[in-house]
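Take a look at the structure below.
The values are calculated or read from the model by the stated rules, or taken from the named source; none is laboratory data. Please read all numbers here as calculations on a predicted model, not as lab measurements. Because the Cβ atoms are built from the backbone with ideal geometry, glycine has one as well, and the counts that use them run over all protein chains shown.
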Amino acid sequence: TPRPRPLTDLGPEELTAFRQEQQTAYDALRGRGLSLDLTRGKPSSAQLDLSERLLSLPDGTRDAHGVDVRNYGGLEGIRELREMFADLLGVEPAQLVAGGSSSLVMMREVLTDLWLKGAVDGVRPWSEEEKVTFICPVPGYDRHFTLLSWFGIDTVTVPMDEHGPDVEAVAALAAADPSIKGMWVVPTYANPTGSVVTQEVAARLATMETAAPDFKIFWDNAYALHHLTEDEAKTADVLSLAAAAGHPHRPIMFASTSKITFAGAGVAFLGGSVENVAWYVGHLGKGSIGPDKVNQLRHAQFFGSPEGVRDHMRQHRAIIAPKFAAVDEVLTSRLEGLGVATWTRPSGGYFVSLDVLDGTAGRVVELAREAGVALTPAGASFPGGHDPDDRNIRLAPTFPELPEVREAMDAVATCVALAAAEKLSH
Ligand code: PLP
């Protein structure tokens, strides 16, 4: 086959011929009555099966320190699990809380506490501010943006690149405007770009001057341990960097085992300065007498050690890395050289970020839907669901079986090429 040429280099007749080819392929696709779903980053059932043994644990009812896990108490979570994940997340056990099953709930709780009571380093509750704004690296995680919008918090976007958020843009915004109270960062294997925040970027975020004294970095390390290659990225130690810079209360860290054990029955973690932890637990205590320590104990027993968690993640990798390879393989064979799409090749996390020809992302998602392939809505990775360039599509290949991932990606490639040909022939 001849080498593909960029669509923009084609003459009008060549472009018409290309468009016709893609239309024919698309019509054939529609005729196949596909029903495929690449929308949400969920573990597949084979991944969930890796943690099956959890269902027959815990063995006994006391944790390593003799606490009866069936009873009330221990708001900060059982010590052995906090020690295990403190090691994995690079913090001190005293800086880590083990809670319920959802880290997103913890993020909402922290925002609620900031809103109603104010930060440990704040002067008043955020609800008493005239305006509260968050810096949102884009493309980013839709639920972060929905949460802000639910609070009525304004958003200002900065671009995400392979080293994390555009840190000079962040520093300029944070220094200039006291209404800017915080930002989101997914430091390791970002959703959806797969970027890993470098030591330099983390250091700048930790040390930068901010107009708001109580600026908060929501350091959402949801994919800290979710490597797709042997090269296991280590997350920058933002808590130490911030403490050394005199801003110990700036970062609040989140993580969970949602994509390590069971997405609906894992354990979530919150990390921060000892003062932030006491602040969080103090507010938590107004609504809870203690977490599900039975679940925490079975997690501790299931893993046994930090190395047990790392081993377990390698088993996940064996299941999902081929799916990510398939996404890249199909996109490369179908779209490389056409100049209408670029995509990430993540070394961890749950997503591939696909950028199509400007102004066609919505059309690609629509075409795919009509052909029976569900994609995350175009714009979902931007606040308000609005991608100003109508360019980004988030692909989530973990849940479907490998042959379905291939089939879905082939369909997506047809939709990308057809939408680009349509756009260019106007
Ligand atoms: N944070 C990020 C960046 C995510 O991608 C997700 C899930 O997709 C979550 C948090 C949700 O975490 P949890 O299941 O602990 O609530």
For this session: Could you check Leu75 against (1) touching a Gly at 6+ places or on another chain (Cβ under 9 Å); (2) assigned by TED's automatic domain parsing to the domain that holds Ala408 and say which number it fails?
Result: (2)
Exercise. Which residues, taken from segment 5-55, are assigned to a helix (DSSP H, G or I), away from the ligand (no atom under 16 Å from the Cβ) and under 26 Å from Ser381 (Cβ atoms)?
Worked result: Leu7, Thr8, Gln22, Tyr26, Leu29
Exercise. Condition test on Asp390, is it farther than 28 Å from His227 by Cβ, touching a helix residue (DSSP H, G or I) at 6+ places or on another chain (Cβ under 8 Å) and modelled with pLDDT of 95 or more?
Worked result: yes
Exercise. Which of the residues spanning segment 54-67 are surrounded by 11 or more Cβ atoms within 10 Å (Cβ to Cβ) and of a type in the set (D, E, K, R)?
Worked result: Arg62, Asp63
Seminar exercise, completed: Output for Cβ contacts, cut-off 7 Å, separation at least six or different chains, first residue touching a residue at least 24 places away in the same chain (Cβ under 8 Å) in segment 104-124, second aromatic (Phe, Trp, Tyr) and within 13 Å of the ligand (Cβ to nearest atom), reads Met106/Phe254; Met107/Phe218; Met107/Phe254
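Scanning segment 349-371 for residues that are out of contact with any Lys or Arg (no Cβ under 7 Å at 6 or more places or on another chain), touching a residue at least 60 places away in the same chain (Cβ under 8 Å) and crowded, with 23+ Cβ neighbours inside 10 Å, which turns out farthest from Lys234 (Cα to Cα)? Working first, answer last.
Residues of segment 349-371 that are out of contact with any Lys or Arg (no Cβ under 7 Å at 6 or more places or on another chain), as a first pass: 349, 352, 354, 362-369.
When the remaining residues are screened for being touching a residue at least 60 places away in the same chain (Cβ under 8 Å), the result is 349, 352, 354, 363, 367.
This time we only want the ones that are crowded, with 23+ Cβ neighbours inside 10 Å, so: 349, 352, 354, 367.
Numbers: Gly349: 13, Val352: 20, Leu354: 25, Leu367: 39 Å.
Result: Leu367.
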Exercise. What are the pairs, 6+ residues apart or on separate chains, where a residue within segment 252-271 that is farther than 14 Å from Asn295 by Cα has its Cβ under 9 Å from a residue that is near the ligand (Cβ under 8 Å from one of its atoms) and acidic (Asp, Glu)?
Worked result: Met253/Asp220; Phe254/Asp220; Ala255/Asp220
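Of all residues being part of a helix (DSSP H, G or I) and more than 10 Å from the ligand (Cβ to nearest atom) in segment 92-106, which is surrounded by the most Cβ atoms within 10 Å (Cβ to Cβ)? Just the residue, please.
At the first step, the residues of segment 92-106 found to be part of a helix (DSSP H, G or I) are 93-95, 103-106.
Still in the running and more than 10 Å from the ligand (Cβ to nearest atom): 93-95.
On the way: Pro93: 18, Ala94: 12, Gln95: 20.
My answer is Gln95.
From Ala413, Ala374, Ala419, which residue is in contact (Cβ under 8 Å) with a residue 60 or more places away in the chain, buried (at least 24 other Cβ atoms within 10 Å of the Cβ) and assigned by TED's automatic domain parsing to the domain that holds Gly339?
Values: Ala413 fails: buried (at least 24 other Cβ atoms within 10 Å of the Cβ); Ala374 fails: buried (at least 24 other Cβ atoms within 10 Å of the Cβ).
None of the other options fit; the residue is Ala419.
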For this session: Residues being more than 13 Å from the ligand (Cβ to nearest atom) and either in contact with a strand residue (DSSP E or B) (Cβ under 7 Å, 6 or more places away or on another chain) or under 30 Å from Ser44 (Cβ atoms) (or both): count how many of those fall in segment 253-283.
Result: 6
For this session: Filter the strands (runs of 3 or more DSSP E) completely within segment 107-210 down to those with at least 1 residues that are within 16 Å of the ligand (Cβ to nearest atom) and among the small types (Gly, Ala, Ser).
Result: 180-185
